[in-house]
Amino acid sequence: MIVSYGEVLGLAVCLFFMGMICVATRRNLIMILIGVEIMLNASGIAFVGAALRWRSLDGQAFVLFLMAVAAAEVAVGLALIVYAHRHTGTINGDKYNLMKG
């Protein structure tokens, strides 16, 4: 079964908007982090789809870089959430103004 390039881009757009809605409407910092990960995965799907469409490995190589950035983002994001939770006792996104300069 062959999937068309338009269907791949449609899936990527749907996932990206789902992640964007998750980031915009949630108060829980863990859910916001998951929304950002969904958006990064959607861009990865779009890059792989483009690489398959134009028969080039550039998009797939960029996805490897994107996965490394996503892993680093999760590590730093979870470390910040744990640090902030220890000082405030909550992971509600509205309560965090302690990182102001």
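Nothing in this text is a laboratory measurement; each read-out follows from the coordinates by a stated rule. All figures in this text were calculated on a predicted structure; none of them were measured in a lab. Quick reminder, even Gly has a Cβ in these numbers, built from the backbone with ideal geometry, and neighbours come from all protein chains shown.
Taking 7 Å along the Cα-to-C-beta vector as the label spot, tell me the residue 78-residue 92 distance in nanometres, rounded to one decimal.
Placing both labels 7 Å along Cα→Cβ, they lie 2.5 nm apart.
At 0.36 nm per residue, and after removing the present C-alpha to C-alpha distance, how many nm does the segment from residue 55 to residue 71 gain when stretched out fully?
3.1 nm
Amide H of residue 90: which non-local residues (sequence gap of 5 or more, or other chain) have their own amide H closer than 5 Å, using H built in the peptide plane?
Hits under the 5 Å cutoff: none.
By the scheme Lys and Arg +1, Asp and Glu -1, what is the net charge of all other residues having a beta-carbon under 15 Å from that of residue 85?
Summing Lys and Arg as +1 and Asp and Glu as -1 gives +2.
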